Amino acid sequence: MSGPRIAISMGLDLGRGAAGGLRAGRDTLYLDTRYAEAVVTAGGLPVLLPVGTPEAALDGLDGLLIPGGDDFPPPAGTPAKWPHEAFTIAPEAQRGFDARLVSAARERGLPIFGVCYGMQLLALAAGGQLVYDLPTERPGAAAHGAGEHGIECTPGSRLAAALGTLRCQVNSRHHQAVAEPGEGFRVTARSSDGVVEAIESVEGFALGVQWHPEDLEGDLGDRLFGAFVAAARDR
């Protein structure tokens, strides 16, 4: 089987704390299989990268996928206004590893696709800012923690071209969001309450979406993965 080789960052569970993690006392690597399946469906070959893999592993690969994950911690010194129970912080090793992968992929000109946490990481890596808890910081926003809602895409954007529409329904399960997309990125979709739902790079292919196309009903998710894998094939 041939096709562009797509690096996928694996998640890290530290197996500690009261809940014991996925395996009590063991650090565990994991990946929702739907990400790999979506890449295969789009014609790509998934290559899983465990946390700690050297960035040189991207040499010879054709694209980078950063899947959904846990939360980013509010900046040090921020007033304690966010409810503690709202946060499940991604391990520092995970966040640092993914940030290094994004930097290395951009240096190599690899197409990047970020999903939920992955989109937020793209923004932070570009010097952008996050909304750390929507119910607290944007009390007028609709519920984004579960269910579906509509989005509107920017005409002429890479996102709109991939989806083939300017308006659609997406699945939603997040309480953090992008506030500012960072240098070299622009916002290309919002929900009706103004929450940022997608960003993309001004140059090259780097696309982030706040929803979960890997398990979105219908073919819109396939279209996004298809556009990403096609960009990896064409680079």
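Brief remarks follow.
- Filtering the range 190-203 to residues that are more than 15 Å from His144 (Cα to Cα) and open to solvent by less than 50 Å² (accessible area, probe 1.4 Å) leaves Ile199, Glu200, Ser201.
- Filtering Pro79, Pro83, Pro74 for residues that are open to solvent by 10 Å² or more (accessible area, probe 1.4 Å), of a type outside the set (Gly, Ala, Ser), in contact with a Phe, Trp or Tyr (Cβ under 8 Å, 6 or more places away or on another chain) and modelled with pLDDT under 95 leaves a single hit, Pro74.
- Test: Phe228 is open to solvent by less than 20 Å² (accessible area, probe 1.4 Å) and either at pLDDT 95 or above or under 25 Å from Thr33 (Cβ atoms) (or both): yes
- Here the strands (runs of 3 or more DSSP E) wholly within the range 1-40 that include at least 1 residues being at pLDDT 90 or above and charged (D, E, K, R) are 5-9, 11-13.
- Among the residues making up the range 163-179, those that are open to solvent by less than 20 Å² (accessible area, probe 1.4 Å) and aliphatic (A, V, I, L, M) are Leu163, Val170, Ala177, Val178.
- Filter result for Ala160 (surrounded by fewer than 13 Cβ atoms within 10 Å (Cβ to Cβ) and over 13 Å from Gly194 (Cβ atoms)): no
The values are calculated or read from the model by the stated rules, or taken from the named source; none is laboratory data. Given the structure is predicted, the values throughout are model-derived calculations rather than measurements. Note that each Cβ is placed from the backbone with ideal geometry, even for glycine, and that neighbours are counted across all protein chains shown. Side chains are part of the model used for accessible areas, which takes the heavy atoms of the whole protein and leaves out ligands, DNA and RNA. Shrake-Rupley method; radii C 1.70, N 1.55, O 1.52, S 1.80 Å.
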